[in-house]
Amino acid sequence: MNDRHGSHVRPDPVDPLDRLRFPVDEWRLVETSYSTEDLGTTETLFAVGNGYLGMRGCPEEGRDTHSHGTFVNGFHETFPIHHAEEAYGLARVGQTLVNAPDTALIKVYVDDEPILLSVADLERYERSLDFADGVLRRELLWCTPSGKRVQMNTTRSVSFAERHLAVMTMELTVLDADAPVVISTQILNRQDGQDEYHVRSAAMGEGKDPRRGSQFDRRVLEPQYHYAEKGRLMLGYRCVESRMTIAVGAHHVVDTANHVTERYFADEDSAKIVYRIDAKAGNTIRVVKYAAYHTSRGVPVRELTDRVRRTLDRATEHGLINVLKDHRAALDRFWADADVVVEGQPELQQAIRWNLYQIAQASMRAEGQGIAAKGVTALGYGGHYFWDTEIYVLPFLTYTNPRLARNALRFRHLMLPAARRRAAEVAQRGALFPWRTINGEEASAYYAAGTAQYHIDADVSYAVSRYVNATGDVTFLLNQGADILIETARMWADLGFWRSNGDRLFHIDSVTGPDEYTTVVNDNLFTNVMARFNLRKAAETVRAMRQFWPREFERLAARLKLTMDEVSTWEDCAEGMAIPFDANQGIHPQDLHFLEREVWDLEHTPSQNFPLLLHYHPLVIYRFQVIKQADVVLAMFLQGDQFTAEEKRANFEYYDPITTGDSTLSAVVQSIIAAEVGHRELALRYFYAGAFVDLADRHKNTADGVHVASAGGVWSALVFGFGGMRDYDGELSFDPRLPESWERLIFRFRVGGAKVRAELSADSYRFELEEGESAGFTVRGRKVELSPDSPATVRLEDQGPQLPSFPLHPRMVGGQREDGTRISAAVPRSIDMDQFDV
Ligand code: BGC
């Protein structure tokens with residue numbers, strides 16, 4: 001298979017990891033040798049978090065690191081966005097996550113020598129992240145420069161049970177000699193401060209990659225409080241501009257037979273306890289460090305310090321064992337629904353679990369907040385929330401952990417007032433959700449690839465509707481969901497225009513679809529198809545409320561000043577929606593003029609020029625047929641019942657060759673549709689691309705955080721892609737596509753209060769009710785009704801169609817436009833700028 005632009009796009013479906021360093025373990029990510037080559041990547045891969053609080057996998061001793069990072073979901077600073085050229089309605093206030101004070105730091109000196117892994121003489125090294133008990137562990141056997149052997153074991157976890165709590169342990173034993181040991185445990189403000197080596201905070205970062213977060217050249221955290229006494233440390237701050245507040249504390253319990261003395265220090269940017277220990281050979285020193293984080297939009301720091309104290313008191317009384325037991329129990333519950341088993345593929349199994357675990361780490365305790373594009377693992381994308389949540393993460397949560405999906409949707413609902421203001425700012429009725437945000441305000445400074453993605457409104461509505469269908473949560477629909485559906489439908493009805501050329505069609509102009517390499521276009525197919533869904537759903541919901549929940553309907557109508565005339569208008573707009581189709585090619589143009597453009601010749605583009613966005617001016621990219629990420633292909637997944645099988649195949653084969661996959665949101669979707677239409681090998685290749693996005697650092701930016709959308713998409717690719725599940729309007733169906741090399745695929749899903757276990761093998765699909773009274777769906781058109789104690793097995797003749805491979809160069813090259821001219825392919829010149837140096 002031709003893989004012309006870097007192996008990350010359609011890699012061979014083989015395990016890409018160095019298994020000497022990262023041995024296969026189905027329930028852990030394990031690293032057996034230390035390297036400074038990929039510190040940024042491994043800090044992300046070994047990060048721990050619970051959706052509220054996250055800590056990168058940096059070493060306890062502080063060095064060496066790529067970037068220290070501790071993040072509290074939504075804890076952000078604002079700053080004015082300076083546009084070189086102003087225009088009305090551009091986003092004005094930037095938002096970015098703050099690097100919260102670091103509590104992971106526990107420095108160690110033996111014979112006054114610090115441990116520094118990059119130069120340390122290590123007899124043994126292992127770092128592991130355990131997906132089953134949620135603990136990050138390190139085990140080191142260090143030979144000090146003076147020849148003493150020191151065993152050092154550390155653990156770190158951010159509790160899934162106690163939202164504000166992290167707990168760390170260090171066990172240190174000098175094995176064969178006595179030695180003076182110093183343990184300095186700290187809280188450090190790395191956002192503003194210098195570290196103890198006077199190294200400016202690494203959180204400040206640098207570079208021109210737009211996917212990174214914004215940085216500050218001023219102080220962000222105003223010191224409000226510091227404290228160090230009786231095993232306890234605390235720091236408190238207020239953000240200069242956003243006025244958000246934070247208090248961070250740590251409580252220590254030391255256990256050793258050795259003699260220990262302790263000293264305390266605290267100033268504005270750090271607090272520490274230094275333990276001096278006369279360590280006797282073989283006597284273990286054990287430090288347990290409980291850390292607590294509380295943040296607020298306005299509560300004074302004093303109040304937050306009280307909350308920190310309470311969290312710490314409770315945790316210490318509860319004790320380490322119980323804290324970890326509760327943490328694990330929460331995780332057991334997660335896995336009982338979320339686990340997906342691919343039998344006979346241990347390497348893949350490990351990758352799958354790592355990805356699903358990332359969703360737990362990004363969402364479990366995110367209540368009251370969104371789910372950021374990088375979770376709580378790094379500053380990438382400034383900690384912003386995008387459509388990633390609704391389209392890539394919520395399918396997984398809706399079917400496995402509906403409470404978490406509800407939290408995320410409730411959070412969107414809280415953003416409605418800001419979305420209404422934003423719609424008004426851009427001269428529309430209804431509500432327009434921001435393309436990227438933390439606090440509800442639009443933070444996308446580059447409107448062409450940002451604000452213009454109006455489809456976010458339909459994405460949110462889509463997620464609301466799917467959640468309600470899958471769970472039957474009418475309360476949510478009546479109280480929150482309906483408002484979202486209605487305000488977004490209003491926006492669409494107002495945004496489009498009716499035009500007539502014989503047939504009366506509703507057009508949507510000047511928007512950007514998911515593909516950010518083609519911007520501000522008319523009738524983007526994805527947008528129109530999704531907007532149509534949004535309009536229909538809103539109308540359907542209002543009519544149903546009027547009939548079945550008249551009281552709620554009255555309230556809704558009064559609340560939103562809604563008339564039934566307006567509802568009819570939405571229905572008209574939906575029915576008249578323009579859906580571009582090119583009869584010559586038998587495909588749906590991505591937008592009205594897409595097919596008229598010249599084609600970007602990806603085949604001859606040097607691999608070092610990917611991703612294109614880092615090597616070509618946006619205008620160069622925009623004028624070609626070249627795609628960053630699935631767009632029409634995504635529409636065919638989300639609105640699959642709106643396309644015929646022939647259209648799906650033709651569209652897929654047209655768009656796949658011009659899709660760069662420069663966004664990690666692409667591969668998982670390409671995989672799902674490749675599987676559906678019958679490009680089975682390609683489906684598997686794309687699946688590998690998605691499953692190893694971060695583990696193999698395929699996009700070379702895992703250091704900037706976990707690609708959460710792709711991680712959620714891994715579940716979608718497994719269940720919707722290979723499992724063949726579809727949910728059109730609450731009607732569940734299955735048409736499976738098990739890869740030949742897989743023995744079995746096992747997953748679970750929740751629907752209508754029931755929990756079903758599904759087990760797919762080459763010749764059968766078996767379903768069993770694990771909770772609830774009944775569940776019904778179809779398998780390749782055959783009805784299946786499940787009741788307790790009566791599993792159903794459907795025999796399978798095959799795993800769907802198997803299509804011949806198609807050329808991975810654009811077949812439209814040389815083809816004719818309507819005006820008779822021919823389409824050509826080219827690689828835009830990339831100019832060596834050095835030649836202009838004078
Ligand atoms: C993608 C967007 C996505 C964003 C955050 C961009 O590269 O093009 O679709 O929302 O990343 O993940």
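Within region 586-602, residues that are touching a residue at least 24 places away in the same chain (Cβ under 8 Å) and within 13 Å of residue 623 (Cβ to Cβ) have Cβ atoms under 8 Å from residues that are small (Gly, Ala, Ser) and part of a strand (DSSP E or B) in these pairs: 598/825; 598/826; 599/825; 599/826; 600/825; 600/826, counting only partners at least 6 apart in sequence or on another chain. Would you check if residue 470 is surrounded by fewer than 24 Cβ atoms within 10 Å (Cβ to Cβ) and away from the ligand (no atom under 15 Å from the Cβ)? Considered against the rule, which asks whether it is surrounded by fewer than 24 Cβ atoms within 10 Å (Cβ to Cβ) and away from the ligand (no atom under 15 Å from the Cβ), residue 470 comes out as yes. Figure legend. Inter-residue proximity from region 558-574: first residues under 16 Å from residue 429 (Cα atoms), second residues open to solvent by less than 70 Å² (accessible area, probe 1.4 Å) and not in a helix (DSSP H, G or I), beta-carbon distance below 7 Å, spacing 6+ or different chains. Indicated pairs: 573/496; 573/506.
Close contacts from region 12-29, counting a first residue that is within 14 Å of residue 348 (Cβ to Cβ) and a second that is open to solvent by 40 Å² or more (accessible area, probe 1.4 Å), with Cβ to Cβ under 6 Å and a gap of 6+ residues or different chains, come to 15/347; 24/346; 24/347; 26/346. In region 625-639, is there at least one residue being within 26 Å of the chain's Cα centre (by Cα), among the β-branched types (Val, Ile, Thr) and part of a helix (DSSP H, G or I)? Within region 625-639, one or more residues are within 26 Å of the chain's Cα centre (by Cα), among the β-branched types (Val, Ile, Thr) and part of a helix (DSSP H, G or I).
Return the only residue of 515, 509 being surrounded by fewer than 23 Cβ atoms within 10 Å (Cβ to Cβ), at negative phi and outside any helix (DSSP H, G or I).
Being surrounded by fewer than 23 Cβ atoms within 10 Å (Cβ to Cβ), at negative phi and outside any helix (DSSP H, G or I) holds for just one of 515, 509, which is 509.
Among the residues of region 483-506, is there at least one that is in contact (Cβ under 8 Å) with a residue 40 or more places away in the chain, within 16 Å of the ligand (Cβ to nearest atom) and either part of a loop (DSSP other than H, G, I, E, B) or crowded, with 24+ Cβ neighbours inside 10 Å (or both)? So far as region 483-506 goes, no, none of its residues is in contact (Cβ under 8 Å) with a residue 40 or more places away in the chain, within 16 Å of the ligand (Cβ to nearest atom) and either part of a loop (DSSP other than H, G, I, E, B) or crowded, with 24+ Cβ neighbours inside 10 Å (or both).
Inclusion of residue 30 among residues that are over 21 Å from the mean Cα position of the chain (by Cα), open to solvent by 10 Å² or more (accessible area, probe 1.4 Å) and among the hydrophobic types (A, V, I, L, M, F, W, C) is not warranted. Evaluate the following for residue 664: is it within 16 Å of the ligand (Cβ to nearest atom) and without any contact (Cβ under 8 Å) to a residue 60 or more places away in the chain? For residue 664, the condition - within 16 Å of the ligand (Cβ to nearest atom) and without any contact (Cβ under 8 Å) to a residue 60 or more places away in the chain - is met. Taking region 703-751 as the range and being within 16 Å of the ligand (Cβ to nearest atom) and under 21 Å from residue 337 (Cα atoms) as the test, the residues that pass are 708, 709, 710, 711, 712, 713, 714, 716.
Those strands (runs of 3 or more DSSP E) of region 742-794 in which 1 or more residues are open to solvent by 10 Å² or more (accessible area, probe 1.4 Å) and in contact with a Ser or Thr (Cβ under 6 Å, 6 or more places away or on another chain) occupy 744-751, 764-771, 775-779.
Restricting the first member to region 212-223 and to residues that are in the same structural domain as residue 296 (by TED's automatic domain parsing) and modelled with pLDDT of 90 or more, and the second to residues that are surrounded by fewer than 19 Cβ atoms within 10 Å (Cβ to Cβ) and of a type in the set (Val, Ile, Thr), the beta-carbon pairs closer than 7 Å and six or more apart or on different chains are 219/240; 220/240; 222/240.
Residues checked against (1) among the hydrophobic types (A, V, I, L, M, F, W, C); (2) under 22 Å from residue 87 (Cβ atoms); (3) free of Cβ contacts under 8 Å to residues at least 24 places away in the same chain:
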| position | (1), (2), (3) |
| --- | --- |
| 388 | no, no, no |
| 399 | no, no, no |
| 404 | yes, no, no |
| 408 | yes, no, no |
| 414 | yes, no, no |
| 422 | no, yes, yes |
| 432 | yes, yes, no |
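Is one or more of the residues making up region 344-358 part of a loop (DSSP other than H, G, I, E, B), open to solvent by 10 Å² or more (accessible area, probe 1.4 Å) and not assigned by TED's automatic domain parsing to the domain that holds residue 136? The answer is yes; a qualifying residue exists. Return yes or no: is residue 628 modelled with pLDDT of 95 or more, within 15 Å of the ligand (Cβ to nearest atom), surrounded by fewer than 24 Cβ atoms within 10 Å (Cβ to Cβ) and among the basic types (Lys, Arg)? Yes, satisfied. Checked against the criterion of being away from the ligand (no atom under 15 Å from the Cβ) and surrounded by fewer than 20 Cβ atoms within 10 Å (Cβ to Cβ), region 432-439 has at least one qualifying residue.
Taking the criterion of being buried (at least 16 other Cβ atoms within 10 Å of the Cβ) and hydroxyl-bearing (Ser, Thr, Tyr), the residues of region 122-154 that qualify are 125, 128, 144, 154. When you check residue 608 against the structure, is it open to solvent by 60 Å² or more (accessible area, probe 1.4 Å) and either outside the structural domain of residue 499 (by TED's automatic domain parsing) or within 16 Å of the ligand (Cβ to nearest atom) (or both), yes or no? So residue 608 passes the test. Take the residues of region 760-779 that are of a type in the set (D, E, K, R) and over 30 Å from the mean Cα position of the chain (by Cα): which is farthest from residue 724 (Cα to Cα)? So the residue we want is 773.
The conditions of being modelled with pLDDT of 95 or more, in the same structural domain as residue 294 (by TED's automatic domain parsing), crowded, with 18+ Cβ neighbours inside 10 Å and at positive phi are met by residue 231. Identification of strands (runs of 3 or more DSSP E) wholly contained in region 65-168 with 3 or more residues that are among the hydrophobic types (A, V, I, L, M, F, W, C) and over 21 Å from the mean Cα position of the chain (by Cα) yields 106-110, 135-143.
Looking at residue 674, is it within 26 Å of residue 383 (Cβ to Cβ), crowded, with 24+ Cβ neighbours inside 10 Å and away from the ligand (no atom under 16 Å from the Cβ)? It is false that residue 674 is within 26 Å of residue 383 (Cβ to Cβ), crowded, with 24+ Cβ neighbours inside 10 Å and away from the ligand (no atom under 16 Å from the Cβ).
How about region 573-591: which of its residues are surrounded by fewer than 17 Cβ atoms within 10 Å (Cβ to Cβ) and farther than 13 Å from residue 531 by Cβ? Within region 573-591, 581, 582, 583, 584, 585, 586 qualify. When we screen 698, 649 for residues that are touching a residue at least 12 places away in the same chain (Cβ under 8 Å), within 16 Å of the ligand (Cβ to nearest atom) and open to solvent by 20 Å² or more (accessible area, probe 1.4 Å), the only hit is 698.
Okay, residues lined up against (1) of a type outside the set (Lys, Arg); (2) under 16 Å from the mean Cα position of the chain (by Cα); (3) open to solvent by 10 Å² or more (accessible area, probe 1.4 Å); (4) within 15 Å of the ligand (Cβ to nearest atom):
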position	(1), (2), (3), (4)
370	yes, yes, no, yes
388	yes, yes, yes, yes
427	yes, no, yes, no
446	yes, no, yes, yes
452	yes, no, no, yes
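A count restricted to region 62-85 and to residues that are surrounded by 22 or more Cβ atoms within 10 Å (Cβ to Cβ) and not polar (S, T, N, Q) stands at 9.
The values are calculated or read from the model by the stated rules, or taken from the named source; none is laboratory data. Here the structure is a predicted model, which means the values were calculated and not measured. In this analysis, Cβ positions are derived from the backbone assuming ideal geometry, glycine residues included, and neighbour counts consider all displayed protein chains. SASA here: full protein model, heavy atoms, side chains in, ligands and nucleic acids out. Shrake-Rupley method; radii C 1.70, N 1.55, O 1.52, S 1.80 Å.
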